[in-house]
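Colleague: Sharing a structure, written as structure tokens. Questions coming.
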Amino acid sequence: MATHPSFLARTNDADSPATKLAECDESLSLIAADVEQLTTDLERIRAGASPLARWLAERDEELERRKAELADERAIVAELEVRAAVDDPEPVAGHVLYAPFAEKYRLVASDEPCPKPGEVCDLDGRSFVVTRVGRSPFPADRRPCAFLRVRTVAA
């Protein structure tokens with residue numbers, strides 16, 4: 001039986017099935033090596049993440065503990081403020097006004113009784129409304145402070 005020359009040319013060609021199979025095997029070996037390296041890297045990362053996860057959990061526990069301590073301290077401060085207001089040995093005369101002006105805020109002392117929220121006050125020819133009453137901004141000053149805003153008149 002005679003072989004056809006074109007068949008011989010094809011079998012000796014670089015694109016023969018055996019050559020393709022060898023190339024695929026080589027590519028598969030390279031991919032397998034990459035997968036093995038990535039698996040090793042992933043295991044190393046997971047091993048390092050475990051201590052980090054424990055550290056984060058400890059920080060979360062500490063944060064929650066400190067939040068609880070802060071809440072307890074705030075409750076104590078609130079209770080002390082209430083006691084201080086109730087146990088005040090003598091009433092304080094006068095008050096302080098905290099009023100906004102165009103150039104700056106002004107603190108004005110008064111011997112009058114402190115106005116209540118919603119009341120209107122006149123100061124230096126301007127009209128203000130008391131928004132709230134709080135503590136004086138001066139250290140150790142037991143007088144109340146009326147915080148004012150400019151009164152706007154509806155048209």
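The values are calculated or read from the model by the stated rules, or taken from the named source; none is laboratory data. All figures in this text were calculated on a predicted structure; none of them were measured in a lab. Glycine gets a Cβ as well: all are built from the backbone with ideal geometry, and neighbour counts include every protein chain shown.
Colleague: Would you call Cys114 assigned to a strand (DSSP E or B), outside the structural domain of Glu81 (by TED's automatic domain parsing) and either surrounded by 14 or more Cβ atoms within 10 Å (Cβ to Cβ) or in contact (Cβ under 8 Å) with a residue 24 or more places away in the chain (or both)?
Modeller: no
Colleague: Now a separate question. Please indicate, with yes or no, whether at least one residue in the stretch 130-139 is hydroxyl-bearing (Ser, Thr, Tyr) and assigned to a strand (DSSP E or B).
Modeller: Within the stretch 130-139, one or more residues are hydroxyl-bearing (Ser, Thr, Tyr) and assigned to a strand (DSSP E or B).
Colleague: Of everything in the stretch 14-43, what is at pLDDT below 85 and surrounded by 10 or more Cβ atoms within 10 Å (Cβ to Cβ)? Give them in sequence order.
Modeller: Within the stretch 14-43, Ser16 is the sole residue that qualifies.
Colleague: So which residues in the stretch 117-138 are touching a Phe, Trp or Tyr at 6+ places or on another chain (Cβ under 8 Å) and touching a residue at least 40 places away in the same chain (Cβ under 8 Å)?
Modeller: Pro137
Colleague: To continue, here is another question. Of everything in the stretch 100-138, what is of a type outside the set (S, T, N, Q) and in contact with a Cys (Cβ under 7 Å, 6 or more places away or on another chain)? Give them in sequence order.
Modeller: The initial filter retains those residues of the stretch 100-138 that are of a type outside the set (S, T, N, Q), namely 100-109, 111-126, 128-130, 132-135, 137-138.
The answer is Pro115, Phe128, Val130, Val133, Gly134, Arg135, Pro137.
Colleague: Going by the conditions given, is Arg83 among the charged types (D, E, K, R), at pLDDT below 90, under 36 Å from the mean Cα position of the chain (by Cα) and at negative phi? It would help to see each step written out before you state the result.
Modeller: On the way: among the charged types (D, E, K, R): yes; at pLDDT below 90: yes; under 36 Å from the mean Cα position of the chain (by Cα): yes; at negative phi: yes.
It is true that Arg83 is among the charged types (D, E, K, R), at pLDDT below 90, under 36 Å from the mean Cα position of the chain (by Cα) and at negative phi.
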